[in-house]
Amino acid sequence: QQQVKQSPQSLIVQKGGISIINCAYENTAFDYFPWYQQFPGKGPALLIAIRPDVSEKKEGRFTISFNKSAKQFSLHIMDSQPGDSATYFCAAIDNDYKLSFGAGTTVTVRA
Amino acid sequence: DGGITQSPKYLFRKEGQNVTLSCEQNLNHDAMYWYRQDPGQGLRLIYYSQIVNDFQKGDIAEGYSVSREKKESFPLTVTSAQKNPTAFYLCASSMGGMNTEAFFGQGTRLTVV
């Protein structure tokens with residue numbers, strides 16, 4: 001029973017296109033929402049993170065949108081590049097420092 | 001060179017044997033975590049520790065045990081009670097407060113033979 005629901009499981013996008021990954025949660029104790037990027041055979045690495053009092057955060061081509069009332073948040077990858085091909089995980093941290101992950105989305109960017 | 005180190009990278013275990021995975025960090029982080037990664041299921045939390053000599057069960061703790069005797073070390077033992085132990089295991093650490101980044105090791109791939 002995943003505490004953070006993530007979709008889609010995989011997506012394919014053309015170079016220059018937009019990749020969108022969605023996540024939802026129920027636990028109102030979650031207070032910080034990071035996104036991680038993972039390449040095959042490697043550990044995940046932090047990409048971007050947001051607090052629930054912020055509705056949007058942008059870092060380069062990566063943007064998080066956050067809807068606190070709906071308990072949903074999403075990652076947008078603008079101008080997708082082949083080097084962005086990886087698995088992306090949304091995550092959430094509660095006030096006991098428990099870090100829970102979504103199931104992951106495998107993004108493939110076609111040149 | 002600061003970081004989090006997992007060893008070994010690959011591990012083979014016979015059925016019925018216990019095996020211990022090592023995780024060491026020199027980042028002076030308070031919190032440490034163990035995750036299991038299976039295809040299509042993302043990262044599932046096994047155990048986590050906020051401070052030395054204290055740890056909590058995650059979502060899939062059955063068949064696993066941990067210890068936190070030192071701040072820099074958080075070994076995971078996969079016991080014979082774990083019925084399906086073949087997986088990729090990831091260790092992470094963070095400063096432990098809210099809004100802090102978790103750093104991951106490179107993982108240990110455990111295979112039961």
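Amide H contacts for B:V112 (H built 1.01 Å from N in the peptide plane; partners 5 or more residues away or on another chain; cut-off under 5 Å): B:R13, B:T86.
If the segment from B:V52 to B:Q106 were pulled out straight at 0.36 nm per residue, it would be longer than the present Cα-Cα gap by 17.2 nm. Computed on chain A, with alpha-carbon pairs under 8 angstrom and 6+ residues apart, the relative contact order is 38 percent. Computed across the protein assembly as shown, the Kirkwood hydrodynamic radius from all distinct Cα-Cα pairs reaches 17.9 Å. Mean separation of Cα pairs under 8 Å and 6 or more residues apart, divided by the residue count, gives chain B a relative contact order of 35 percent. Rounded to 0.05, the FRET efficiency of the A:D79 and A:D53 pair, given R0 = 22 Å and the Cβ-Cβ distance, is 0.20. Note that the range B:72-81 has calculated 3J(HN,Hα) couplings of 8, 10, 8, x, 10, 9, 9, 8, 5, 6 Hz, one per residue in order, obtained from phi through the Karplus relation 6.51 cos²θ - 1.76 cosθ + 1.60 (θ = phi - 60°); glycine and proline are x.
Using the 10 angstrom Cβ neighbour count as an exposure proxy, how do A:V4, A:V13 rank, fewest first?
On the way: A:V4 21, A:V13 17.
Fewest to most other Cβ atoms nearby, the residues stand as A:V13, A:V4.
Can you tell me the alpha carbon radius of gyration of chain B divided by the globular rule-of-thumb value 2.2 N^0.38 Å?
Working: Rg = 13.2 Å, N = 113, 2.2 N^0.38 = 13.3 Å.
So the Cα radius of gyration is 1.00 times the expected 2.2 N^0.38 Å.
Read-outs throughout are calculated quantities, based only on the coordinates presented, and are distinct from any laboratory measurement. Remember, it's a predicted structure, so these values are computed and weren't measured experimentally. Quick reminder, even Gly has a Cβ in these numbers, built from the backbone with ideal geometry, and neighbours come from all protein chains shown.
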